[in-house]
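A short write-up of the structure that comes next.
The values are calculated or read from the model by the stated rules, or taken from the named source; none is laboratory data. Computed from a predicted structure; not experimentally measured. Please note: Cβ atoms are built from the backbone with ideal geometry, for glycine as well, and neighbour counts cover all protein chains shown.
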Amino acid sequence: MKFAYFNPTVMAVDDVTAEQYSKLREIVNTAHEHGEHNDEGNPNISIRGGQQIQIVPNEFKLDTTFLSQYIEERCQAYIDNIIKTSGVGDLYGYKPVLVSAWSIKQQQGDYQALHNHEAHISGNIYMDVPLLADDSKSSDANIEFRMPVIRNPAHFIFTDQWRFKPEPLKMIIFPSYVSHTVYPWKGQGSRTILAWDVKLISK
């Protein structure tokens with residue numbers, strides 16, 4: 001039996017070690033000290049409430065060397081998995097390059113509108129996860145992806161969405177074209193992520 005894959009949508013969940021988290025935490029904390037660079041009021045971005053600070057590139061001389069190396073290494077592992085499972089080697093001629101990164105810090109009631117990214121590979125690293133109220137719904141604070149497919153059991157397509165409940169020390173990786181939204185929530189603490197975009201550049 002042979003298999004062919006047509007336009008697969010590959011989502012990934014990766015663990016972040018305590019050492020990696022500590023280095024990323026320092027970057028995120030430093031970024032959010034620069035509230036004068038908050039992009040929340042920009043009508044062209046998805047956040048509704050909270051603080052969004054640009055990290056790559058940035059205007060306050062923040063060293064992002066570790067962040068770039070870490071994200072590009074994890075994206076290479078993501079690409080290698082796609083090559084291995086699909087048998088298509090076209091991606092061998094490309095390397096992942098981090099082109100943008102930012103941190104979003106939101107409180108209860110804040111959310112993100114449906115959007116996608118103008119890149120090739122995107123991801124979120126979860127820095128802080130809120131403690132949800134007892135009467136919360138299962139979707140509260142979740143990120144929901146809307147897959148570019150139609151439900152069709154005859155073609156073995158049974159779902160057109162995927163939800164991920166934020167977890168500390170976790171990173172999700174996904175194709176940039178996949179639209180996604182973040183549900184509001186009630187509770188204590190904040191929902192803080194380090195989000196990023198990677199483009200594939202010819203070697």
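Considering (1) touching a His at 6+ places or on another chain (Cβ under 9 Å); (2) assigned to a helix (DSSP H, G or I), say which one Arg74 fails and leave the rest.
Failed condition: (1).
Could you tell me which of the residues Ser86, Ser122 is among the hydroxyl-bearing types (Ser, Thr, Tyr) and either within 20 Å of Gly50 (Cα to Cα) or modelled with pLDDT of 95 or more (or both)? Spell out the reasoning first.
Working: Ser86 fails: either within 20 Å of Gly50 (Cα to Cα) or modelled with pLDDT of 95 or more (or both).
Residue meeting the stated conditions: Ser122.
Among Lys105, Lys137, which is the only one that is more than 19 Å from Ala12 (Cβ to Cβ), among the basic types (Lys, Arg) and surrounded by fewer than 16 Cβ atoms within 10 Å (Cβ to Cβ)? Break it down into steps so the answer makes sense when it comes.
Numbers: Lys105 fails: surrounded by fewer than 16 Cβ atoms within 10 Å (Cβ to Cβ).
From the options Lys105, Lys137, the qualifying one is Lys137.
Looking at (1) surrounded by fewer than 18 Cβ atoms within 10 Å (Cβ to Cβ); (2) in contact with a strand residue (DSSP E or B) (Cβ under 8 Å, 6 or more places away or on another chain); (3) aromatic (Phe, Trp, Tyr), can you tell me which one Tyr126 breaks?
(1)
How many residues, within region 40-62, are closer than 12 Å to Ala113 by Cβ and of a type in the set (S, T, N, Q)?
As a first pass, look at region 40-62 and keep what is closer than 12 Å to Ala113 by Cβ: 43-49.
If we keep only those that are of a type in the set (S, T, N, Q) as well, we get 44, 46.
Going through region 40-62 one residue at a time, the tally reaches 2.
Any residue that is under 28 Å from Ala133 (Cα atoms), surrounded by fewer than 17 Cβ atoms within 10 Å (Cβ to Cβ) and either of a type outside the set (Phe, Trp, Tyr) or in contact with a helix residue (DSSP H, G or I) (Cβ under 6 Å, 6 or more places away or on another chain) (or both) - is there at least one of those in region 46-56?
To start, the set of residues in region 46-56 that are under 28 Å from Ala133 (Cα atoms) comprises 46-53.
Filter once more, keeping what is surrounded by fewer than 17 Cβ atoms within 10 Å (Cβ to Cβ): 48-49.
Checking which are either of a type outside the set (Phe, Trp, Tyr) or in contact with a helix residue (DSSP H, G or I) (Cβ under 6 Å, 6 or more places away or on another chain) (or both) leaves us with 48-49.
Among the residues of region 46-56, at least one is under 28 Å from Ala133 (Cα atoms), surrounded by fewer than 17 Cβ atoms within 10 Å (Cβ to Cβ) and either of a type outside the set (Phe, Trp, Tyr) or in contact with a helix residue (DSSP H, G or I) (Cβ under 6 Å, 6 or more places away or on another chain) (or both), which makes the answer yes.
Tell me the strands (runs of 3 or more DSSP E) entirely within region 163-203 that contain at least 3 residues that are in contact with a Lys or Arg (Cβ under 9 Å, 6 or more places away or on another chain) and within 19 Å of His117 (Cα to Cα). Before the answer, list the steps.
Numbers: elements: 170-175, 179-182, 191-202.
Once the strands (runs of 3 or more DSSP E) in region 163-203 are filtered for at least 3 residues that are in contact with a Lys or Arg (Cβ under 9 Å, 6 or more places away or on another chain) and within 19 Å of His117 (Cα to Cα), what remains is 179-182, 191-202.
Take the residues of region 80-91 that are free of Cβ contacts under 8 Å to residues at least 24 places away in the same chain and in contact with a helix residue (DSSP H, G or I) (Cβ under 7 Å, 6 or more places away or on another chain): which is surrounded by the most Cβ atoms within 10 Å (Cβ to Cβ)?
Top of the filtered list is Ile83.
Please determine whether any residue of region 94-107 is part of a helix (DSSP H, G or I) and either in contact (Cβ under 8 Å) with a residue 40 or more places away in the chain or in contact with a helix residue (DSSP H, G or I) (Cβ under 6 Å, 6 or more places away or on another chain) (or both). Write out each step before concluding.
Of all residues in region 94-107, those part of a helix (DSSP H, G or I) come to none.
For region 94-107, residues part of a helix (DSSP H, G or I) and either in contact (Cβ under 8 Å) with a residue 40 or more places away in the chain or in contact with a helix residue (DSSP H, G or I) (Cβ under 6 Å, 6 or more places away or on another chain) (or both): absent.
Considering every residue within region 23-36, establish whether at least one is within 17 Å of Leu200 (Cα to Cα), in contact with a helix residue (DSSP H, G or I) (Cβ under 8 Å, 6 or more places away or on another chain), surrounded by 12 or more Cβ atoms within 10 Å (Cβ to Cβ) and in contact (Cβ under 8 Å) with a residue 60 or more places away in the chain. Give the steps one after another, and end with the answer.
Our first condition is that a residue be within 17 Å of Leu200 (Cα to Cα); within region 23-36, this holds for none.
No: zero hits.
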